[in-house]
Amino acid sequence: MSEATTLIHSEIDYDADGKQTGFLRLPHSVHRSAYGWLPVPIVMLKNGDGPTALLIAGNHGDEYEGQVALSKLCQRLQPEDIRGRLMIMTMANYPAAHAGLRTSPIDDGNLNRTFPGDPLGTPTEMIADYIENVLLELCDYSFDFHSGGSSLVYPATALRRRGETPEVDAKLEALQTAFDAPYGFIFAGSGESRVSSKACERKGVLNMMTELGGAGTVTPEILALAERGIYRLLHHIGTLPGYEPDAARGCRLMEMRGPEYFVYARDEGLFEPYVELLDEVTAGQPAGAIHHPETPWVPPTICHFETDGMAICKRIPGRVERGDCVFHLATDIDR
């Protein structure tokens with residue numbers, strides 16, 4: 001698919017050498033602006049022969065660590081630092097990121113549940129289509145930096161899918177190893193078809209994702225791990241040949257094998273967790289209690305873990321509704 005089939009206009013010339021900054025102009029005709037457009041920021045650096053990589057943050061707008069890390073990368077890197085082509089989107093779903101929300105306030109679109117999108121659809125669908133059918137067409141690699149956002153928190157974790165062939169799987173494992181997060185997560189099964197990793201798989205692009213903290217904030221520790229990992233990743237693929245990575249610290253590889261690894265609120269109320277992030281738990285162990293201060297004489301609803309594992313994700317807001325995820329678990333991979 002060529003760029004001509006999308007209504008989004010890029011201020012960036014993807015074939016030009018040097019450093020360019022600008023916007024993807026997404027047409028948005030509304031009452032206050034009849035011929036307006038939404039400004040999706042994009043930065044590109046190109047220098048000589050080498051791979052093409054797309055770095056994405058703000059896929060979910062309330063996930064801030066990647067947005068900060070990539071903003072700093074845009075300011076630091078110059079064309080002479082790289083080999084090949086580097087495209088950076090700091091606020092991929094711009095309306096969501098500008099509002100600090102997981103989903104777009106314009107169309108309620110969740111970008112990471114919208115691929116392959118629609119070039120004539122809603123703003124979120126148009127962005128998904130542009131990423132998959134314009135930008136990924138140019139790419140060898142794509143890295144999507146997520147966190148737990150405002151409702152969840154994770155340790156610094158590098159995520160990947162399982163490769164379709166042993167050769168692809170080895171390349172994906174090498175990317176995960178190069179990032180060198182304390183934890184590495186491998187998706188079990190084929191995965192959700194509407195997410196960015198599946199878009200990459202459809203286009204034959206090697207992809208890695210992250211979960212970098214969350215809780216609606218940015219911490220110095222997680223941000224330092226994110227920045228270090230990004231530089232190590234770019235060095236590994238040959239984009240930053242002059243960077244000298246420090247010694248690897250090691251990555252604990254884990255996976256989630258099924259729906260029983262999630263714990264959901266079974267009622268509405270105020271959630272009291274019984275365990276903390278990274279705690280080891282066993283099947284049947286109470287995960288927490290949902291209290292009912294509206295009717296305080298009613299006993300709390302107790303949630304339980306359905307399997308053994310480690311709490312790799314924990315809910316942040318105390319108020320829950322039925323169906324909210326309060327924990328999910330991971331287990332070590334037998335190798």
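The values are calculated or read from the model by the stated rules, or taken from the named source; none is laboratory data. Everything numeric here is computed off the predicted structure, so don't read it as measured data. With ideal geometry, Cβ positions are generated from the backbone for all residues, glycine too; neighbour counts draw on all protein chains shown.
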Checklist entry - Do you know which residues across segment 74-91 are more than 17 Å from the chain's Cα centre (by Cα) and under 17 Å from ILE237 (Cα atoms)? => result LEU77, PRO79, GLU80, ASP81, ILE82, ARG83, GLY84, ARG85, LEU86
Checklist outcome for this item: Counting only residues that are in contact with a helix residue (DSSP H, G or I) (Cβ under 7 Å, 6 or more places away or on another chain) and not charged (D, E, K, R), segment 280-317 contains a total of 2
Checklist entry - Out of all the residues in segment 200-251, which are outside any loop (DSSP other than H, G, I, E, B), in contact with a Leu (Cβ under 6 Å, 6 or more places away or on another chain), of a type in the set (A, V, I, L, M, F, W, C) and under 25 Å from GLU167 (Cα atoms)? => result MET208, MET209, LEU234
Checklist entry - Does segment 200-210 include one or more residues that are within 14 Å of the chain's Cα centre (by Cα), closer than 27 Å to CYS325 by Cβ, of a type in the set (D, E, K, R) and not assigned by TED's automatic domain parsing to the domain that holds CYS325? => result no
Checklist entry - Counting only residues that are assigned to a loop (DSSP other than H, G, I, E, B) and aliphatic (A, V, I, L, M), which one in segment 172-199 is nearest to GLU65 (Cα to Cα)? => result ALA181
Checklist outcome for this item: Note on segment 204-218: residues touching a residue at least 40 places away in the same chain (Cβ under 8 Å) and either surrounded by fewer than 18 Cβ atoms within 10 Å (Cβ to Cβ) or at positive phi (or both) are GLY213, GLY214, ALA215, GLY216, THR217
Next on the checklist: Filter segment 138-171 down to the residues that are in a helix (DSSP H, G or I), among the hydrophobic types (A, V, I, L, M, F, W, C) and more than 15 Å from LYS203 (Cα to Cα) and list them by number.
Outcome noted: ALA170
Next on the checklist: I need a count of the residues in segment 219-252 that are surrounded by 18 or more Cβ atoms within 10 Å (Cβ to Cβ) and not charged (D, E, K, R).
Outcome noted: 14
Next on the checklist: Every residue in segment 291-321 that is within 25 Å of THR217 (Cα to Cα) and either in the same structural domain as VAL153 (by TED's automatic domain parsing) or free of Cβ contacts under 8 Å to residues at least 60 places away in the same chain (or both), please.
Outcome noted: MET310, ALA311, GLY318, ARG319, VAL320, GLU321
Checklist entry - Any idea which of PRO259, PRO245 is more than 20 Å from the chain's Cα centre (by Cα) and either at pLDDT 95 or above or among the basic types (Lys, Arg) (or both)? => result PRO245
Checklist outcome for this item: Picked from segment 276-291 (must be within 15 Å of PRO317 (Cα to Cα) and of a type outside the set (Gly, Ala, Ser)), the residue surrounded by the most Cβ atoms within 10 Å (Cβ to Cβ) is ILE290
Next on the checklist: So, in segment 1-30, how many residues would count as being part of a strand (DSSP E or B), touching a strand residue (DSSP E or B) at 6+ places or on another chain (Cβ under 8 Å) and either of a type outside the set (A, V, I, L, M) or free of Cβ contacts under 8 Å to residues at least 12 places away in the same chain (or both)?
Outcome noted: 10
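Here's the yes/no breakdown for (1) of a type in the set (A, V, I, L, M, F, W, C); (2) outside the structural domain of ARG202 (by TED's automatic domain parsing); (3) crowded, with 20+ Cβ neighbours inside 10 Å; (4) at negative phi:
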site: LEU24; (1), (2), (3), (4): yes, no, yes, yes
site: VAL30; (1), (2), (3), (4): yes, no, no, yes
site: GLU63; (1), (2), (3), (4): no, no, yes, yes
site: GLN75; (1), (2), (3), (4): no, no, no, yes
site: THR90; (1), (2), (3), (4): no, no, yes, yes
site: ASN93; (1), (2), (3), (4): no, no, yes, yes
site: ALA97; (1), (2), (3), (4): yes, no, yes, yes
site: PHE115; (1), (2), (3), (4): yes, no, yes, yes
Checklist entry - For segment 128-137, does any single residue satisfy the condition of being in contact (Cβ under 8 Å) with a residue 24 or more places away in the chain and assigned to a loop (DSSP other than H, G, I, E, B)? => result no
